[in-house]
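These notes concern the structure reproduced below.
The values are calculated or read from the model by the stated rules, or taken from the named source; none is laboratory data. For clarity, every value in this text was computed on a predicted model and none was experimentally measured. With ideal geometry, Cβ positions are generated from the backbone for all residues, glycine too; neighbour counts draw on all protein chains shown.
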């Protein structure tokens, strides 16, 4: 077989880029070893999956409505679920969110991929946060985008750096096509984009005419009410935002049902692209999620989930305070699943990982999350999966090994 | 909003191509009207969905194994299901089919899309059958392929036309990159690719070094044993075939779980592309399908399904024989869901559709299935969804209206 290389194959063969996916992939056998305390996987805790309730919902749906929820269905998704997520968007302050603006996707990941495919041509410039979620950068890469990083601090994207990057791109005769952001409790940094900066970013998108891809899977998982009221970017610049959110973190990620909101002309192109991508998401998953909303199951669980993850977050941050080696720093998340730790400048989180594993603890090295290959001294620590007791032990092991 | 158009937007705005998807989309409100007998939707009959059994399977899986089958999982898919479909492929005569060659996809449609994205660059030449499945041609289009048609007769692809098209492409200094075929009971024609022609096609793929995308969703739904033993292309030219198949037609299409077999280097690229496309397919759907195989449910139903669709096919063909207007022809499928009818040369199936609807019967005009825009006088008639009595009435209505 001697096919000439396609652009995708050439992309895969450029080491610097394939590192991103592979660095995390290689961890899989380690993070599932029972003797290892794992802060690696960014997954919700299966302890909080409502198994009894979902089992009943699934059984009843298939029995009573299986002729519909096991059959082909519209590409946009289950009509009832589209209305339900439309209501969510309305409550989040987005003005127009009828069925013409909404698409159900096979997880948020598909929303990112479809948005990138519709918006970008090879060579287009897309901005991403430093650091940013690997799945988002992969989706942008797969559409051939040229990625440029924008620095963050404890309040999210630094607006001066954003404007400078936009101007630098313009001075090269190129245009920034889109910016990818996770404004709440970001993966991997745990950082939340401050309200004033959201307004500045929204204004920049309108002024420089680029689209914001707002990825907001952790929206409901806030730990203090102060952050709950901060408006999404889609409410601040509705003509310049694609908003993506998911049930993976508040119900179960194995059900691949997320949603995407976009201005109608973009949503209709995304629908057409989705038709070619997978015809529709799982009809059964969509029906189950819709019923979990209708029955109140989803809504009633939220306070308990916030408390569950908040306790784990506090436990991790406290353990870091008590044990971390001098010269280390970490973020203090107001929600979500992740703390980003920064070792001393000379620390190499990738090189150190085997020693951490030997000490019985795993994490994801931060560098793959930085498209400019910085962040070698950072570690992503997920507090979502282990119990508080185990988190304390794990951080003690990690900090001891780092000393 | 004044974004410069991306190549995808330019693609959508070229009328000749967007027609394909839209022609069928516009039918949706009609084919669901209860007073219309519909031969339009190419969907399995919900009458044969095993609702009781699947309801029990789903309930038990979530209750007992929900911590796994509602959690994130590997991109390649459920490990047990990968082994099960590997065994299928082995029984179909494919030599190497371990977990390195297999990927579970979100329906066959995703397999087509991922294959096209990995194999093709914009401007690459892809060959498709005349006519061919719209979802396949959309996936190829979405990767920017230039599509060229190869004519079929009652035995499938005409090898002389294939070779001529390849040579013509070469004489332009271009290379045929792949060929997309549905060898068994094709959608929309119902035609099966004869064994001798499969061998010729496999030889051509090796000689001219192009990949065959073999889409085989109807494999198990044969109506006579003569066709059951015909080898898949993947068994004849394993280094030059991507084989795609699905549970949609033999279990339920709302469960989005299909599979893809490819030589290992291609399968691993498809896995990486899938990671960016949707992380994984529905974990619950995969677990349900795996259990339906394990319990024997899937296998035991096959004889009954073959009989079910065979009776409907025979009923439709008999009704056409008894009622069709002179100058009409139709295919005689040996399996699957579809008959392709050809009216007299001057007949326009798209223009006629409103009259057919008025007479209480719907179909899909054949032209969107022909990438060379021929086939204006053809109609796709799906016999899969209506009962035999209703099929007879529907064909009577159609033929009367055509006279």
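Among the residues of region A:225-240, those that are under 11 Å from residue A:211 (Cβ atoms) and more than 18 Å from the chain's Cα centre (by Cα) comprise A:237, A:239, A:240. Residue A:90 meets each of the listed conditions (1) in contact (Cβ under 8 Å) with a residue 40 or more places away in the chain; (2) out of contact with any helix residue (DSSP H, G or I) (no Cβ under 9 Å at 6 or more places or on another chain) apart from (1). Select from region A:62-76 the residues that are facing chain B (nearest Cβ under 8 Å), without any contact (Cβ under 8 Å) to a residue 40 or more places away in the chain and either surrounded by fewer than 20 Cβ atoms within 10 Å (Cβ to Cβ) or not in a helix (DSSP H, G or I) (or both) and list them in ascending order. Once the filter is applied, which keeps residues that are facing chain B (nearest Cβ under 8 Å), without any contact (Cβ under 8 Å) to a residue 40 or more places away in the chain and either surrounded by fewer than 20 Cβ atoms within 10 Å (Cβ to Cβ) or not in a helix (DSSP H, G or I) (or both), region A:62-76 yields A:63, A:67. Looking only at region B:296-303, decide whether some residue is out of contact with any strand residue (DSSP E or B) (no Cβ under 6 Å at 6 or more places or on another chain) and facing chain A (nearest Cβ under 10 Å). For region B:296-303, residues out of contact with any strand residue (DSSP E or B) (no Cβ under 6 Å at 6 or more places or on another chain) and facing chain A (nearest Cβ under 10 Å): absent. Selection of region B:31-61 for residues being part of a loop (DSSP other than H, G, I, E, B) and at the interface with chain A (Cβ under 10 Å from one of its Cβ atoms) yields B:41, B:42, B:43, B:44, B:45, B:49, B:50. Out of curiosity, is residue B:245 within 22 Å of residue B:78 (Cα to Cα), more than 11 Å from chain A (Cβ to nearest Cβ) and touching a residue at least 60 places away in the same chain (Cβ under 8 Å)? It is true that residue B:245 is within 22 Å of residue B:78 (Cα to Cα), more than 11 Å from chain A (Cβ to nearest Cβ) and touching a residue at least 60 places away in the same chain (Cβ under 8 Å). Within region B:352-396, restricting attention to residues that are part of a helix (DSSP H, G or I) and closer than 30 Å to residue B:126 by Cβ, the residue that is nearest to the chain's Cα centre (by Cα) is B:369. Against the test of being out of contact with any helix residue (DSSP H, G or I) (no Cβ under 7 Å at 6 or more places or on another chain), under 19 Å from residue A:6 (Cα atoms), at pLDDT below 95 and within 12 Å of another protein chain (Cβ to nearest Cβ), the options B:111, B:144, B:123 yield a single qualifying residue, B:123. Looking only at residues of region A:217-242 that are touching a strand residue (DSSP E or B) at 6+ places or on another chain (Cβ under 6 Å) and within 11 Å of another protein chain (Cβ to nearest Cβ), we find that the one that is farthest from residue A:105 (Cα to Cα) is A:240. Going through region B:331-365 one residue at a time, which ones are crowded, with 20+ Cβ neighbours inside 10 Å and either assigned by TED's automatic domain parsing to the domain that holds residue B:249 or farther than 18 Å from residue B:36 by Cα (or both)? Correct list: B:331, B:333, B:334, B:335, B:336, B:337, B:338, B:339, B:340, B:341, B:343.
Yes/no matrix, rows are residues, columns are (1) in contact with a helix residue (DSSP H, G or I) (Cβ under 8 Å, 6 or more places away or on another chain); (2) touching a residue at least 24 places away in the same chain (Cβ under 8 Å); (3) facing chain B (nearest Cβ under 7 Å):
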| position | (1), (2), (3) |
| --- | --- |
| A:257 | yes, yes, no |
| A:268 | no, yes, no |
| A:278 | yes, yes, yes |
| A:307 | no, no, no |
